[in-house]
Amino acid sequence: MSTPPRQDSYWDMPGALHASEALTPSQCWALATTQSLGRLGFFHEGFLNIFPVNYFVLDQHLYFRTRADGTIASSYLEHAGFQVDLTDRTTQSGWTVLANGPAIRVEDPALLTTLWGKVSEEPWAPGLRDLFYEMTPTRMRGRRLSTAR
């Protein structure tokens, strides 16, 4: 049985000068509102797909638009994942937020009126993106990474 290294010896190991902090769900929501491009993970034809999507947050729901004849609209989104993050290579710091839950097509006329009236970034992907999807996460978690102090 080997003896664990002394605390001092960790300073010479890769990654030892970095810190990781778990984020609360409310911190995750606050950070998610600062960005407009994330990644949607979902299964399609038996394979895991991860697509970039423009999104916005409204009342602790994530909303994004897609095409009626596209891969997202024809996929199983009952167990989707959504990730957004921000990194700074100079300071070797950043954060990541991961939301899990179903993504469902928005069909409520009143909600659609609200969503279409919201000022948001136009989707980067080409084509008509006129279907709104809503993700109401059942799990929201994240981490902040930084240099140790």
FRET efficiency for ASP59 and LEU128, Cβ-Cβ distance as r, R0 = 25 Å, nearest 0.05?
0.45
Say we join alpha carbon atoms closer than 10 Å with springs in a Gaussian network model of the chain; which of LEU86, LEU128, LEU62 then has the biggest fluctuation?
LEU128
Once ASN100 and PHE47 are pulled to full extension, the length gained, defined as 0.36 nm per residue separation minus their Cα-Cα distance, is 17.3 nm
If a paramagnetic tag sat 7 Å from the Cα of ARG141 along the Cα-Cβ line, which residues of the stretch 89-106 would have the backbone N under 15 Å from that point?
96-101
Rounded to the nearest 500 deg cm²/dmol, what is the calculated helix-only ellipticity per residue at 222 nm for the chain, with -39500 (n - 2.57) per DSSP H run of length n ≥ 4?
-3000 deg cm²/dmol
Taking the stretch 54-149 and dividing mean pair separation by its residue count, relative contact order in percent (alpha carbons under 8 Å, at least six apart):
40
Have a look at ARG129, ARG67, ARG89 and tell me which one the Gaussian network model of the chain (Cα, springs below 10 Å) gives the largest fluctuation.
ARG89
Using Cα springs under 10 Å in a Gaussian network model of the chain, which residue among GLN27, GLN92, GLN60 shows the largest mean-square fluctuation?
GLN92
Given bins 10 angstrom wide, list per bin the percent of all Cα-Cα distances in the stretch 59-149, short to long.
14, 37, 32, 13, 3, 0
Putting +1 on Lys and Arg Cβ atoms and -1 on Asp and Glu Cβ atoms, find which of GLN60, THR90, ALA110 reaches farthest to the positive end of the dipole of the stretch 55-149.
THR90
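Each value in this text was obtained by applying a stated rule to the coordinates, not by laboratory testing. Everything numeric in this text was worked out from a predicted model, so none of it was measured. A quick note on method: Cβ atoms are made from the backbone with ideal geometry, for glycine too, and the neighbour counts reach across all protein chains shown.
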